[in-house]
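Heads up: the structure comes next, in structure tokens.
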Amino acid sequence: MKAKTATKILLTMMFSFAMLFLFVGDVSAKEAKTSTYVLDAKSGVGYQTAFRATANDRFNSTTILLPTNDCTVSVKATGGVVAKVTYTSQMIGENTFTSNSNITDKEGKEIPFKGAASISVFSTKDGTYDLNVTVKRGKKQLTKKKIKVIFGYTTMIEKMSYAGKQILFSNLVTSKGSGKFSVKVGKDFALKKIEYGGYDANGEVQYKTTKNNKKITLSGQKNFSKIDYSYGFDDPDSNYGYESGQDVTYIYPVTFVRITVLDKKLGVVETSVIELFKK
Amino acid sequence: MMRGNMIKKTWIKTAAAAVACAALWIMPVQAEYVHDDVNGVSYNDRETLSVDYAYDYARGGGTWTDVRVSNDGDTIGNVQSSSPNLIAQITEKHYSKSKEKDYSASPYDENQKYIGYPVVTKIKPGETRISFFAKKAGTYKVSFDVIKKDGSIRCKKYITVTTNYTYDTPIKEVRYAGKLVYDYGPYITKTSGKISVKMNKGFKLVRIEIGKPDSTGSYVYKKIKNNAKIKLVTKNVYTQSSSDMKQSYNALFPETAIRVYYIKNKDKTESYTTYDLYTINKK
């Protein structure tokens, strides 16, 4: 049980930081790309055209998605960057997987793949480098791709404030029921959209759009009731029904501010969510 | 040990940094989850939070505890804080409802007309969440009651809520090849060296174990002596097969796990801290 508490604290810490960089895939999907993954229609290979990485960090990687289970992937990097295929998977028989990488067909359905290869990269220096990736099927070259890797620290959101008070991390407890919300994004980013809203009586967040440096009013909704799971309960013909849910009462009601920015170097949009609590 | 991530959805640097910190796992001093079997109630009897912080998942508080009761019809209530500077409040009441036909009852009415078996709905209370918000730094006591179906009180329980995060630091230092393990960068180039551990006052070193991956990638631990010379893992290559897929791993940063087991003199509890030592394998 100790580990559980430790996890909770770590989670709390991670959450405060990570919320600033949290990536939500489905926002503004029609307006802008949310992922740099693309499909090379000719070879059937899925890959990331570009990605960001951190220097001196062991956790940078990108994944190549493969159309058959007999593909091999090799990589060479420019600028002294270490690049290596550290993981491969091959689906057996008729098995396939979908990649969660936003590679979809015209109907928006995820394209199934039969194999994958993860490339880990490491650099001690910041800078933009290329990964030259070769995909072979047997002895035959299927395709060759250039993947851009950008090493360097970037801040998506540089500064935020509500009612004159700076928001550190990703939340603020305030006694001001309304005030100006301002955000300043980092130099690689462009502000696309600001939305805000609180819960409705069913526990769903209702967002409305606002503009930078405009006055917003915080939600006062302290209570909601939410059904988490329901089966056959409202069906009078069903002999059996089960439902679970929760009644929620907040200490201080929450208002979410969802900020959508464009990563100008990658050409993708990302969102982060801020929590404001009305004292 | 599944270490390959199939898809890296995005670059969450800070999360990665947090993972790097987690490589050195320091256990916070926290109370165990308390199970009172006599009264049928379980909860955390100590919580820590930051002053003036609130989170959505803590329902507008800085942290929370989930209380569970096992006696039928019992509920949680009368939550009281020892100070107005700490708000303690029930923020979530979970429930489950079930609907079943009662086949033990008669499907006929008093005129012997078939009306079908009656449907019985049962509501069962689930866990109750108590959230806390600290207006000022301090140590506070929060009490709550377990209330029986008839409204009488089954028992009173206490939770200590503090704004001071306190951590045990059992291990004074761990050196590898003469250098503190923190002082190495993202990986170590010296593949063999002496490992030495020094404990802090109040803790006794029990044993040191070295973990290396076997041919299937699972880590196998072996006891070593303090100040022993060890060899680091320089290669971690393995495959895993199931009926629907084959996976191959070849780590760029093969890791050696050093587990330091110790006893806290005060309460004789044993735990361990893991130190991960990384090398680089470019092939």
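The values are calculated or read from the model by the stated rules, or taken from the named source; none is laboratory data. None of these values were measured; they are calculated from a predicted model. All Cβ positions, glycine included, derive from the backbone under ideal geometry; neighbour counts span all protein chains shown.
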Restricting the stretch A:180-192 to residues that are surrounded by 15 or more Cβ atoms within 10 Å (Cβ to Cβ) and among the small types (Gly, Ala, Ser), the one modelled with the highest pLDDT turns out to be A:182
Among strands (runs of 3 or more DSSP E) entirely inside the stretch A:156-246, those with 3 or more residues being under 23 Å from the mean Cα position of the chain (by Cα) are A:157-162, A:178-185, A:189-197, A:208-210
Restricting attention to the stretch B:246-283, the residues that are over 20 Å from residue A:120 (Cβ atoms), without any contact (Cβ under 8 Å) to a residue 40 or more places away in the chain and over 23 Å from the mean Cα position of the chain (by Cα) number exactly 0
Can you find a residue that is within 14 Å of chain A (Cβ to nearest Cβ), assigned to a strand (DSSP E or B) and hydrophobic (A, V, I, L, M, F, W, C) anywhere in the stretch B:230-249? yes
Of (1) in contact (Cβ under 8 Å) with a residue 12 or more places away in the chain; (2) within 29 Å of the chain's Cα centre (by Cα), residue B:180 fails just (1)
If we keep only residues of the stretch A:227-255 that are at pLDDT 95 or above and buried (at least 19 other Cβ atoms within 10 Å of the Cβ), then the residue farthest from the other protein chains (Cβ to nearest Cβ) is A:255
Out of (1) part of a strand (DSSP E or B); (2) within 13 Å of another protein chain (Cβ to nearest Cβ), the one residue B:185 does not meet is (1)
Per the filter on the stretch A:111-162, residues within 30 Å of residue A:277 (Cα to Cα), of a type outside the set (Val, Ile, Thr) and crowded, with 16+ Cβ neighbours inside 10 Å are A:156, A:160, A:161, A:162
Restricted to the stretch A:78-131 and to residues being of a type in the set (A, V, I, L, M) and in a loop (DSSP other than H, G, I, E, B), the residue nearest to the other protein chains (Cβ to nearest Cβ) is A:92
Residues of the stretch B:215-229 being at pLDDT 95 or above and part of a loop (DSSP other than H, G, I, E, B), in sequence order, are B:218, B:225, B:226, B:227, B:228
The condition from (1) without any contact (Cβ under 8 Å) to a residue 24 or more places away in the chain; (2) within 11 Å of chain A (Cβ to nearest Cβ) that residue B:134 misses is numbered (1)
Scanning the stretch A:53-77 for residues that are of a type outside the set (S, T, N, Q), within 9 Å of chain B (Cβ to nearest Cβ) and closer than 21 Å to residue B:186 by Cβ gives A:53, A:57, A:58, A:59
Going through the stretch A:193-226 in order, the residues found to be among the aliphatic types (A, V, I, L, M) and surrounded by fewer than 14 Cβ atoms within 10 Å (Cβ to Cβ) are A:201
Conditions (1) modelled with pLDDT of 95 or more; (2) facing chain B (nearest Cβ under 7 Å) -> residue A:223 fails only (2)
State yes or no: is residue A:74 in contact (Cβ under 8 Å) with a residue 24 or more places away in the chain, buried (at least 21 other Cβ atoms within 10 Å of the Cβ) and either within 19 Å of residue B:248 (Cα to Cα) or not β-branched (Val, Ile, Thr) (or both)? no
Reported set for the stretch B:232-256 where residues are more than 30 Å from residue A:94 (Cα to Cα) and either surrounded by 18 or more Cβ atoms within 10 Å (Cβ to Cβ) or of a type in the set (S, T, N, Q) (or both) is B:232, B:233, B:234, B:252, B:253, B:254, B:255, B:256
Of the candidates B:95, B:108, B:103, B:117, the one satisfying the condition of being at pLDDT below 90, aromatic (Phe, Trp, Tyr) and surrounded by 11 or more Cβ atoms within 10 Å (Cβ to Cβ) is B:117
Quiz item: Is it fair to say residue B:192 is among the polar types (S, T, N, Q), closer than 19 Å to residue B:255 by Cα and without any contact (Cβ under 8 Å) to a residue 24 or more places away in the chain?
Solution: no
Next item on the list: State yes or no: is residue B:128 surrounded by 14 or more Cβ atoms within 10 Å (Cβ to Cβ) and assigned to a strand (DSSP E or B)?
Entry: yes
Reported set for the stretch A:195-254 where residues are at positive phi and touching a Gly at 6+ places or on another chain (Cβ under 6 Å) is A:232
